[in-house]
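Engineer: Okay, here's the structure, questions in a sec.
The values are calculated or read from the model by the stated rules, or taken from the named source; none is laboratory data. Predicted model only: the values in this text are computed from it and were never measured. Cβ coordinates were reconstructed from backbone atoms using ideal geometry, including for glycine residues, and neighbour counts include every protein chain displayed.
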Amino acid sequence: METDLIDILVVDDMRDAAESLATLLEIDGYNVRLAFSAQEALEAIAVSTPLCVLLDISMPEMDGLDLTRHLRAKFGDDVILVAITGHSALEPRVVETFALVDHYFVKPILAADIRKLFPPKGG
């Protein structure tokens, strides 16, 4: 059972997107864990609570809005939530999710934008 502290949990059902984002964050010194579904995210959080969760809004089964609601109910403001979407920021579920999270990104996400929110550690 992994008990390392997790800085950031990246949750996205699109593996390439999740892995690319995780790689960037790891290069910048963050301890990152990946989850490819909301259920995997809940399992990861049961083992180790991250400081931040970056979550895609559009996922099958439990989507990012439902995951956000669950995480807010469990942690309140103790975990930073950052939503990611490729959908219009005007879609109702996107608008509702954006209202519950601390920050959000609309895809495509640029490395410079990520680094504004998560500056490289140690420099």
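Engineer: Report yes if Asp28 is closer than 22 Å to His87 by Cα and either in contact (Cβ under 8 Å) with a residue 24 or more places away in the chain or not aliphatic (A, V, I, L, M) (or both), otherwise no. Show your work before the answer.
Structural biologist: Numbers: closer than 22 Å to His87 by Cα: no; either in contact (Cβ under 8 Å) with a residue 24 or more places away in the chain or not aliphatic (A, V, I, L, M) (or both): yes.
Judged against the criteria, Asp28 is not a match.
Engineer: Filter the stretch 84-119 down to the residues that are in contact with a Phe, Trp or Tyr (Cβ under 6 Å, 6 or more places away or on another chain) and either more than 15 Å from Thr68 (Cα to Cα) or in a strand (DSSP E or B) (or both) and list them by number. Full working, then the answer.
Structural biologist: Narrowing the stretch 84-119 to residues in contact with a Phe, Trp or Tyr (Cβ under 6 Å, 6 or more places away or on another chain): 84, 98, 104.
Correct list: Ile84, Tyr104.
Every residue, every condition in (1) among the hydrophobic types (A, V, I, L, M, F, W, C); (2) closer than 17 Å to Val11 by Cβ, yes or no:
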position	(1), (2)
Gly76	no, no
Gly86	no, yes
Arg93	no, yes
Glu96	no, no
Asp102	no, yes
Val106	yes, yes
Ile109	yes, yes
Arg115	no, no
Gly122	no, no
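Engineer: Filter the stretch 73-86 for residues that are surrounded by 13 or more Cβ atoms within 10 Å (Cβ to Cβ) and more than 13 Å from the chain's Cα centre (by Cα); which is modelled with the highest pLDDT? Full working, then the answer.
Structural biologist: Filtering the stretch 73-86 down to residues surrounded by 13 or more Cβ atoms within 10 Å (Cβ to Cβ) leaves 75, 79-86.
So of that shortlist, the ones also more than 13 Å from the chain's Cα centre (by Cα) come out as 75, 86.
On the way: Phe75: 96, Gly86: 88.
Only one residue tops the list, namely Phe75.
Engineer: List the pairs whose first member sits in the stretch 33-62 and is in a loop (DSSP other than H, G, I, E, B) and crowded, with 19+ Cβ neighbours inside 10 Å, whose second member is acidic (Asp, Glu) and modelled with pLDDT under 95, and whose Cβ atoms are under 9 Å apart, counting only residues at least 6 apart or on separate chains?
Structural biologist: Pro50/Asp7; Ile57/Asp63; Ile57/Glu91
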